[in-house]
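Below is one structure; the comments refer to it alone.
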Amino acid sequence: MTKFESYHPIFTAHLELDWLTTTSLGQITQLLNGRTIANVRLDGEYDASRTADLVNDDMRQIMQSQALIWAVKDKQTQVLLGIFAITNLANNEPQFNFIFEVGIAPDFISELFDHMIQFTFKELKQSSISLLLNNNQHNLMSIIKTLGFSQIAKSAKSSRFQLFQ
């Protein structure tokens, strides 16, 4: 497998994915403290120091080939739209994790997920992808089902989805 640090930047028709270190701490902090759609838990307020710690930890995971984590920007405006990660790669059990601005266009989410599905299967040579969503994220559930994910488990708060190549 290619060293993970070579997987940037990545471009889709409308999006640019690059390491968090290419985005200002202020923009990342604003995203983490704003209204978001996420499948990861954000505890408490983020200041510059806490955000820097998060970025450093994320880059360490990339350099140790444990995860791939990108800032997602609108390619035309360079506005930060979110953070996207593929985690659990060391265990060959890739999972998609994300934090998006509330106002991100559903078409952008669909474009991003479609591209990253292909990337995970073709470039990372994985055979399945899992994804955990809160049960109130109906729009995201619709998008991922359209892309082929199947629900494999459900609890009172969340549902787990999986996609096989």
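The simple spin-label model puts a point 7 Å past each Cα toward its Cβ; for V40 and Q137 those points are separated by 1.2 nm. Contact order for the chain, expressed relative to its length and based on alpha carbon pairs under 8 Å spaced 6+ residues apart, stands at 19 percent.
If a/c stays under 1.5 just call it rounded; otherwise compare a/b with b/c (prolate if a/b is bigger, oblate if not). Do that for the range 4-164, with a ≥ b ≥ c from the square roots of the Cα gyration tensor eigenvalues. Can you show the working numbers first?
Details: a/c = 1.37, a/b = 1.21, b/c = 1.13.
Because its axes are fairly even, with a/c under 1.5, the range 4-164 counts as rounded.
Given R₀ = 22 Å, what would the calculated FRET efficiency be for A13 paired with K145, taking r from the Cβ atoms and rounding to 0.05? With R0 = 22 Å, the Cβ-Cβ based efficiency is 0.50. Using the structure shown, list the pairs from K75/K154; K125/K157; K75/K145; K122/K145; K3/K154 with a Cα-Cα distance above 29 Å, or answer none. With Cα atoms farther than 29 Å apart: K75/K154; K125/K157; K3/K154. Placing a label point 7 Å from the Cα of Q162 along the Cα-to-Cβ direction, the residues of the range 115-133 whose backbone N falls under 19 Å from that point are 117-118, 120-122, 125-133. Using R0 = 35 Å, the C-beta based FRET efficiency linking K75 and A153 works out to 0.50.
Coordinate-derived values only; no laboratory data. Everything numeric in this text was worked out from a predicted model, so none of it was measured. Don't worry about glycine lacking a Cβ; one is built from the backbone with ideal geometry, like all the others, and counts go over all protein chains shown.
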